[in-house]
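**Student:** One structure, pasted below without further comment.
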Amino acid sequence: MVSAKELISYEEKWGAHNYKPLDVVLTRGEGVWVYDVDGKKYLDFLAAYSALNQGYCHPRLVKVMREQAGRLTLTSRAFRNDQLPLWEKELCELLGFEKMLPMNSGAEAVETAIKLARKWGYKVKGVADGQAEIVACEGNFHGRTTTLVGFSSESQYRDGFGPFAPGFKVIPYGNVAALGAAITPNAVAFLVEPLQGEGGVIVPPEGYLAAARDVCRTNNVLFMADEIQSGLGRTGKMLCCEHEGVRPDVVVLGKALSGGMYPVSAVLSSAAIMDVFEPGDHGSTFGGNPLGCAVAREALKVVVEEDLCGRAAALGPRMLATLSRLESPYVDFVRGKGLWAGVVLKKGAGGARRFCEALMRLGVLAKETHETVIRLEPPLVITEDELEWGLERVATALTADVPEEVGATK
């Protein structure tokens, strides 16, 4: 068997250096637990950035994937298949929308939403051709395409990738007045994350989403919610926007939509908006493929039938309260919603990476974001005991010296 050291050396030699992963080489996962090639066991406190809300290799999802893979995996959209219509119906009925459009990655879905908003602006609102404007927020993370990084406020995401597409305005996150000031007659949409994950698990002020929705309605601007990470139970609701009773004009979903089994994303909206698309306007060879649709159908059923929203709503406050009580010389404050927390470190703490490496040695996997925030978002299938076990080790990593080698077993 190839050792972890060798595998890491292969990746460093032959792989592009566009990530800086923790030096743990995983080979198996079940529920909230993963195992490395040396047999050590770890509790996952990242859930693949919320793609694994249903946990690793959920038996129901594995069963459906195997069965569908043995029947039909891909038709392209040149032909119809028997899974896409059922998924369209079930997803729209679950979330209360009239139409959906399937894609693969989250970035593709955001790009789709941008195309949808622009075409709606030209065909319905009457904006002059080529003049559509979309308002986004500082600290956003909507994906890695050249269009999406073009309106990022993170300099590294932009460095070396221009020129960028015009038509975007970026305003402070959580500032309703700034949104109103940014909207012109050419504005077609406001694209916002109800909670900024990659930005540092930033929760906007209470009432912000509802107020922003009102500003959009008043100005005939589409309110587009990127719920790729915040949706499907992560914050204790099916959609994070539901905490303020907000129903977006357009919703973008991905990640947990397939339970981490397969790349699946979707854009949902009303018929009046979605019907601006005509055959040939947009498409994807793999978008809406029967394998992805079958798995996504079952992934949604798991979220509902296992009440993952309720679990996040119940365990989330406990996690945030426990973290907030930590008496650590390194922690500035904690923020979050549902089973999603950002532990914000003080400037002199030495960066979040070293604490994530310490956690790894204690048997818990988490990841830093923006150097000063430890991001914690375990799979929603986590039990109370498992959560407490993980939080005890988070406390140890943040309050005591951690040996270089610690047995990573429960």
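**Student:** Compute the distribution of all C-alpha to C-alpha distances in the range 1-105, in bins of 5 Å from 0, and list the percent of pairs in each, rounded to whole numbers.
**Tutor:** All Cα pairs considered, the percentages come to 2, 9, 12, 14, 17, 15, 12, 10, 7, 2, 0.
**Student:** Which of the chymotrypsin sites (Phe, Trp or Tyr not before Pro) found in the range 4-47 are loop residues per DSSP with 14 or fewer other Cβ atoms within 10 Å of their Cβ? Mind showing how you got there, number by number?
**Tutor:** Details: sites: Y10, W14, Y19, W33, Y35, Y42, F45; in loops: Y19, F45.
Taking the range 4-47 and a limit of 14 other Cβ atoms within 10 Å, the loop chymotrypsin sites (Phe, Trp or Tyr not before Pro) found are Y19.
**Student:** Another question, then. Run through every distinct alpha carbon pair of the range 113-152 and return the Kirkwood hydrodynamic radius in angstroms, one decimal place.
**Tutor:** It is 11.2 Å.
**Student:** Write out the GluC sites (Glu not before Pro) in the range 140-216 meeting two conditions: DSSP loop, and at most 11 other Cβ atoms within 10 Å of their Cβ.
**Tutor:** Here the GluC sites (Glu not before Pro) that fit, given the DSSP loop and packing criteria, are E206.
**Student:** Go ahead and collect, in residue order, the members of the range 275-317 whose backbone nitrogen is under 12 Å from a label point 7 Å along the Cα-Cβ direction of A78.
**Tutor:** Of the residues in the range 275-317, 285 have backbone N under 12 Å from the label point off A78.
**Student:** Normalized C-alpha radius of gyration of the chain, against 2.2 N^0.38 Å?
**Tutor:** Dividing the Cα radius of gyration by 2.2 N^0.38 Å gives 0.99.
**Student:** May I ask for the Rg/Rh ratio of the range 297-370, computed from Cα atoms with Rh as the Kirkwood radius, given to two decimals?
**Tutor:** 1.07
**Student:** Starting from the Cα gyration tensor of the range 161-249, take the square roots of the eigenvalues, sort them a ≥ b ≥ c, and report rounded, prolate or oblate (rounded when a/c is under 1.5, otherwise prolate if a/b is larger than b/c, else oblate).
**Tutor:** It comes out oblate by the Cα gyration axes.
**Student:** Let me ask something additional. If you average the C-alpha positions of the range 332-383 and of the range 249-327 separately, how far apart do those two centres end up, in angstrom?
**Tutor:** If we compute the Cα centre of each part, the gap is 23 Å.
**Student:** For K367, give me every one of the lysines with a C-alpha distance below 27 angstrom, ignoring sequence neighbours fewer than eight places off in its own chain.
**Tutor:** Straight-line reach from K367, under 27 Å: K5, K13, K20, K40, K41, K237, K255, K337, K346, K347, K410.
**Student:** Next up: Using C-alpha positions alone, give me the convex hull volume of the range 70-122 per residue in cubic angstrom.
**Tutor:** 118 Å³
**Student:** Can I ask one more? Rounded to the nearest whole Å³, what is the per residue volume of the convex hull around the Cα atoms of the range 230-357? Don't skip to the answer; put the middle values down first.
**Tutor:** Numbers: hull volume 21.6 nm³, N = 128.
Residue-normalised Cα hull volume stands at 169 Å³.
**Student:** Alpha carbon centre of the range 31-83 versus the range 187-225: separation in Å?
**Tutor:** If we compute the Cα centre of each part, the gap is 31 Å.
**Student:** Right, another one. How are the alpha carbon pair distances in the range 50-195 distributed across 10 Å bins from zero to the largest one, expressed in percent?
**Tutor:** The percentages, shortest bin first, are 9, 28, 32, 21, 9, 0.
Taken together, the values in this text are just the output of simple stated rules run on the coordinates, not laboratory data. Here the structure is a predicted model, which is why all the values come from computation and not from measurement. Ideal geometry is used to build each Cβ from the backbone, glycine not excepted, and the neighbour counts take in all protein chains shown.
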